[in-house]
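Here the structure is laid out as structure tokens; the discussion comes afterwards.
Nothing in this text is a laboratory measurement; each read-out follows from the coordinates by a stated rule. Here the structure is a predicted model, which means the values were calculated and not measured. No Cβ is skipped: glycine too gets one built from the backbone with ideal geometry, and neighbour counts run over all protein chains shown.
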């Protein structure tokens, strides 16, 4: 089995910042908007190099979405920036009516997603955002796993015409994806080959899935790990080809068990090839204030939780 290692940890929001800065230098139509969280979204370099293409909207997220929608009419490619909770739930009406309904070319870039926002607690964490956004017709939903993939995704969505939700996080996480790997929207990446179980994971849970696969190999279980960086459109072929070989699947995500990646996978399976499935996700709960590691442990999102889910799903084959 291929082993993945890392030499550095870095937050995925910095990958977004690096990608946005590069876009500022290479695409004159890219503009950026922020709701009073420039430092948190790592937008400083873009602003330094292209101040005329940056709009500080302040704590007025709904206005930010409306302005972004309007900017597309003039051919601009707006990237909005705030926390994931404020990028979705707070402004859902504006996104639905002004952006999604008319297919506006807005890139909704959302930091501090999931539980790993940590100490700021449940009011700032969001475990519902993937469900909210994937239900909007025409909305692409992307959740990359590390710094390199977040940077690559940021660059890729500038070339895609249509609304995109790009989700990333606050904590430093291992960098293990190749720096030069092309990011193809809607195309999953198989990280390990396996024959006993398929593990599909997204975001921060991809690294946990890889750690789990090593623990499983040590006890004689061969796991195929697939990085689902794009939740919508979902790479159905990659999932179906894998489960045709393994006969069971575990989905892993830093999101509510309701409405996330796991439910999207379930739909694909029930329509094409029903197999046993287990879910590693937050069980219909809000978060709370604690360190990211403590929250991952309490809410069952670690490599050990994936191992337990694999053992359970294999017993159901």
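Some observations on this one:
- Most to least packed among 171-178, 215-222 [average Cβ atoms within 10 Å]: 171-178, 215-222
- Residue order, fewest to most beta carbons within 10 Å, for 168, 16, 86, 55: 55, 86, 16, 168
- Inter-site label distance for residue 272 and residue 215 at 7 Å from Cα along Cβ, in nm: 2.9 nm
- Placing a label point 7 Å from the Cα of residue 317 along the Cα-to-Cβ line, the residues of segment 223-239 whose backbone N sits under 15 Å from it are 223-225.
- Sorted by Cβ neighbour density within 10 Å, fewest at the top, the residues 250, 140: 140, 250
- Helix 12-26 and the longest principal axis of the C-alpha atoms of the chain enclose an angle of approximately 50°.
- Computed across the chain, the Kirkwood radius stands at 19.4 Å (inverse of mean 1/r, all Cα pairs).
- Centroid-to-centroid separation of segment 124-163 and segment 166-219 [C-alpha atoms, Å]: 16 Å
- Percent of beta bridges antiparallel (DSSP, the chain, rounded to nearest 5): 20 percent
- Length gained on full extension, residue 45 to residue 290: 85.1 nm, using 0.36 nm per residue less the C-alpha separation.
- For segment 9-174: rounded, prolate or oblate by the Cα gyration tensor [a/c cutoff 1.5]: rounded
- What separates the Cα centres of segment 261-280 and segment 105-121 is a distance of 26 Å.
- Rounded to the nearest 10 degrees, the inclination of helix 236-246 to the longest alpha-carbon principal axis of the chain is 20 degrees.
- Proxy reagent accessibility, fewest Cβ within 10 Å first, across 167, 53: 53, 167
- Only helical runs count toward this figure. For the chain, summing -39,500 (n - 2.57) over DSSP H runs of n ≥ 4 and dividing by all residues gives -11000 deg cm²/dmol at 222 nm.
- C-alpha long axis of helix 205-218 to longest principal axis of the chain, angle in °: 20 degrees
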